[in-house]
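Heads up: the structure comes next, in structure tokens.
Bear in mind these aren't lab numbers, they're just calculated from the coordinates by the rules spelled out. The shown structure was predicted, so the numbers you read here are calculated from the model rather than taken from an experiment. Here the Cβ is made from the backbone with ideal geometry for all residues, glycine too, and neighbour counts use every protein chain on show.
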Amino acid sequence: MDELRFGTDGWRDRIGERFTTANVRRAAHATAGWLLDSGGGRVVVAHDTRFGGPMFARAAADALAANGLEVHLAQGPLPTPVLSFAVRHLGAHAGVMLTASHNPPAWNGYKLKGSYGGTATQDVYREVAERVAKVRPEDVPEAGPDVPAPRPLDVRDAYYAHLATLLDLDMLGTLRGSLVHDSMCGAAAGWMAGFARYARLSLEVEELRADADPMFHGGHPEPIPAHMGPLLERMRRGDALLGIATDGDGDRLAAVLPGGRPVNSHEIFALLLDQRLRAGASGRVVKTVTVARLVERIAAARGVPVTETPVGFKWLVDEMLRGDVLIAGEESGGIGVPEHLPERDGIVNGFLLLQALAEARAEARGARRGARGGPRRRADRWRRGWRRCSARRTGGTTTTAPTCRCATTMRNVA
């Protein structure tokens, strides 16, 4: 019997080796035991675009249903943050997501979500891991004709309606031009464009690699420059507002400026932190130990406390559930804001970053109205703003500026 090892965010293995339908059913049976013992009765199941996703999701759903749980099953690839939203929206007790996130095509994974709509805690993963070690394949009941079939899941409009309450649609509505979204053949394909249509934004969302390819066009669905070639090439033309890349299951992001300059996860964290502080939000900044000191320096300059955690988003979730959190993030591009979910969401964060751009453009227009001279190219201004940012220099220990000069990146766009 295979040993299923649960790490920082669930169980992950190579497809066809230890990641098999038999082992997925074992994991689902252990999950059902935990849920039933804790009084849970409803669970949501989804998958990303990886090989065998529908098959593995159905195997998990059938095993859960055979244990007497009410199961809601996505009918196609679904971003992980949308699965998390569905858990909370439907009042479910847990979610099961079949995904290996940003990992290579040969891998798949089994992740758990809590009733609050975020990554399961360490205690939950520990209990499920202990249970699954005792489950043999023959112990898992079959979903016979008397077992209710999983219910189809469709929360797209509900998710969009929720996003509309988080974002400043009037501010986003001031933007004209193109947002380029590279979903890297992952589950977030179509979701940014769909929200732009839902909110009737003037923005055009141009999609790259929006096909559900389980081989990810021969690369990894990880939003780092080495795997973002198509987006970097597109943004070098300099005629789009912003480029956003989301990973295989849509919970992490990276960005690219006009002209092709990548914005890394630490810089995105800094920009979103600055945006939230400018909006008057308060609370702790929570970050994993691997996040750049840039974020700490911004928080210190603004008098905001910082809580540092071990690596793994589940530790950030623990802090978000404790409350008084302004923003939480990790080094790999996963960022959460408490008004949304105790979860990372590349779709929401992409629009928040775009909103920061709109706010900076509005501020810059006001500051320059009737003042300084001729127009400069947008791409040149973006690059100049990032080069000038003192918070990104190596050396030194702190900044005394009232706001992070990273924010000049956005304010240098007109």
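Some values worked out for this structure:
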quantity	calculated
Fluctuation leader among ASP168, ASP37, ASP146 - the chain, Gaussian network, Cα springs under 10 angstrom	ASP146
Kirkwood hydrodynamic radius of the chain, from inverse mean 1/r over distinct Cα pairs, in Å	21.9
Computed log₁₀ I(q)/I(0) - Debye formula, equal Cα scatterers, no solvent, the stretch 1-125, q 0.09, 0.14, 0.19, 0.21 Å⁻¹	-0.20, -0.50, -0.97, -1.22
Counted charge near ALA279, where neighbours are those whose Cβ lies closer than 11 Å (Asp, Glu -1; Lys, Arg +1)	-2
Cα long-axis angle, helix 265-278 against the chain (0 to 90 degrees, to the nearest 10)	70
Contact order normalised by residue count of the stretch 1-146, Cα under 8 Å, 6+ apart, percent	33
Relative contact order (%) - the chain, alpha-carbon pairs under 8 angstrom, separation at least six	15
In nm, spacing of pseudo-spin labels at THR21 and ALA133 (7 Å Cα→C-beta vector)	2.9
Cα gyration tensor shape for the stretch 321-364, rounded if a/c is under 1.5, else prolate or oblate	prolate
Estimated FRET transfer efficiency (GLU207, ALA279; beta-carbon r; R0 35 Å; 0.05)	0.75
For GLU206, distant residues with modelled amide H under 5 Å away	LEU179, VAL180, HIS181
Paramagnetic label zone (point 7 Å from Cα along Cα-to-C-beta, MET1; backbone N under 16 Å) in the stretch 26-62	26-34
Geometric extent, Cα atoms of the stretch 233-345 - Rg, Dmax (angstrom)	14.3, 45
Selected from GLY109, GLY39, GLY177 as most flexible by GNM, with the chain as the system and alpha-carbon contacts under 10 Å	GLY39
The stretch 1-117 - charge dipole about Cα centre, Lys and Arg +1 at Cβ, Asp and Glu -1, debye rounded to 20	140
3J(HN,Hα) from dihedral phi, the stretch 102-114, Karplus parametrisation 6.51/-1.76/1.60, rounded to Hz, x for glycine, proline	9, 7, x, x, 6, 10, 9, x, 10, 10, 10, 10, x
Max mean-square fluctuation residue, GNM over the chain, Cα-Cα springs under 10 Å, options ALA240, ALA301, ALA292	ALA301
Net charge of neighbours whose Cβ lies under 15 Å from the Cβ of ARG197, counting Lys and Arg as +1 and Asp and Glu as -1	-2
